[in-house]
1. Lys and Arg at +1, Asp and Glu at -1: add these up for the other residues within a Cβ distance under 12 Å of ALA69 and post the number.
2. Could you give the length gained by full extension between ASP425 and ARG325, i.e. 0.36 nm per residue of separation minus their alpha carbon distance, to one decimal place?
3. Take ARG414 and ALA311, extend 7 Å from each Cα along the Cα→Cβ direction, and tell me the distance between the two endpoints in nm.
4. Can you classify the chain as rounded, prolate or oblate using the Cα gyration tensor, where a ≥ b ≥ c are the square roots of its eigenvalues, rounded means a/c under 1.5, and otherwise it's prolate if a/b beats b/c and oblate if not?
5. Once phi is turned into ³J(HN,Hα) by the Karplus curve 6.51 cos²θ - 1.76 cosθ + 1.60 with θ = phi - 60°, what whole-Hz value does each residue of segment 89-96 show in order, with x for glycine and proline?
6. Computed FRET efficiency, Cβ-Cβ of ASP9 and ARG185, R0 45 Å: what is it to the nearest 0.05?
7. Amide H neighbours of HIS129 under 5 Å, counting only residues 5+ apart in sequence or on other chains, H built in-plane at 1.01 Å?
8. Taking 0.36 nm per intervening residue step and subtracting the Cα-Cα distance, what contour gain separates SER207 from ASP145 on full extension?
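Values quoted throughout were computed directly from the atomic coordinates according to the rules given, and no laboratory measurement underlies them. All of these numbers come straight from a predicted model, not from anything done at the bench. Because the Cβ atoms are built from the backbone with ideal geometry, glycine has one as well, and the counts that use them run over all protein chains shown.
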Amino acid sequence: MEKLTLVGDRQWVPLVTGGEVRRLDLDYAATAPCAAQVRDAVDEILPWYGSVHRGDGFPSAVCTELQEACRESVRAFAGARADDTVIFTRNTTDSLNLLAHALPADCEVFGFATEHHANLLPWERRTVHRLPVPDGPAHALALLDAALASAAPGGGGGSRLVTLAGASNVTGEVWPVAELARVARRYGARIAVDAAQLAAHRPLDMSGWDVDYVAFSGHKLYAPYGAGALVGRPDWLDAAAPYLAGGGATRHVDLQTVDWAPSPQRHEAGSPNFLGNYALATACELLHASLRSGLVEQEERLTALLERELAGIPGLRVHRMWDERHPRVGTVTFTVRGHEPGLLSAALSAEHGIAVRTGRFCAHPLVKHLLGDGHGGGNAVRVSIGAGITEQDISDFVWALAGLVERGPAWSYRAEGARFVPDPDPRPMPELSHGARVRLRAAERRERAVRTPVGAACGG
């Protein structure tokens, strides 16, 4: 197994209390670090960068051939069927909005109230059957079976779609995808999987699971170059109007008519993000090997260690939907009685160089269900791990958190909506190029002018 190495791993960051410390990133569920192998692959291809499907020069020929080869790497990573199409998108949200756009007019959608907003909001233009939060996998199967059985028959059995996350972005719990697909099949329904949180931690197997569509993002797969993918059956996609109208999506155009190309080109108008697609395919190849060669077991051991050590902190409660023995990817969400989640998160970063996530994680209905009324002010703290995290990292995080719970922060902070920031914040910005410094200063001015509550931004 080629070990994933990370750009910026253990980079030094300043602390508000003075000095520097090697940073510890425990926010993989929002955005994973860039893999050094991905960066190196992009750097290698940059001298050959040219237009895709739009040029006669040799660099254009190189990039055009590689663009189509990238689809095969993504297809293999997804465990897709030979006739599944691979459409390059910006991210999971873009992929699911594309699929929602392509549904037949009479399609009914079935989904649980546990979803990230990317798999909750795009379907609202359709007839949506929203199922409650199940109390376990067996309950999820029963809820879906009952909902499909009681709903009026769709148009010809192909106009029902079940949507679900492969793993929860809040609790990390892995859903019984193959079992739910079998329930869907009994009623002639298709199934789409939001694999944003699953793809970096478990092998995907569209064919074996018998699912119709899978969506995922490069920035959660150690490839933060602005690309994602929708993989799945081409018929609905070929029958739908293009997601975007423009060059590259057509076979012939005159002033009266347009002959649109089939997918994937049909939904990829404009010059493609070739470097992003190349980065995504490189990451897929790396993970395809790593997830089958020890990475899954390594992350499972670290997640179990994290939960054991957190159990020793007084007043801390880990939030989950199902039994604690149920499999999960490396994501743990918790609150601590009497402690504001946003303040804990801010102090971990400012005083210890540890990045976690606080808020409702763009899964507001699920977080409300898990926390109930008045718990953590409606917010929680999320810790998420991935490649490069060690047992020592887990111990360092728990030690820092336990100290904050016992003694409180060593610095002063002010609340800005649901967010807390050091007051004052003496940490210098990094020495970057002139243009980057100008942009940083402009961003700081905007931040001072318009304070954004933590719940307004969604990162996973």
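1. -2
2. Computed gain between ASP425 and ARG325 is 31.8 nm.
3. 4.3 nm
4. Cα axes put the chain in the oblate bin.
5. 10, 7, 5, 4, 4, 4, 4, 6
6. 0.55
7. Answer set, sorted by chain and number: VAL109, PHE110, GLY111.
8. In short, 20.2 nm is gained.
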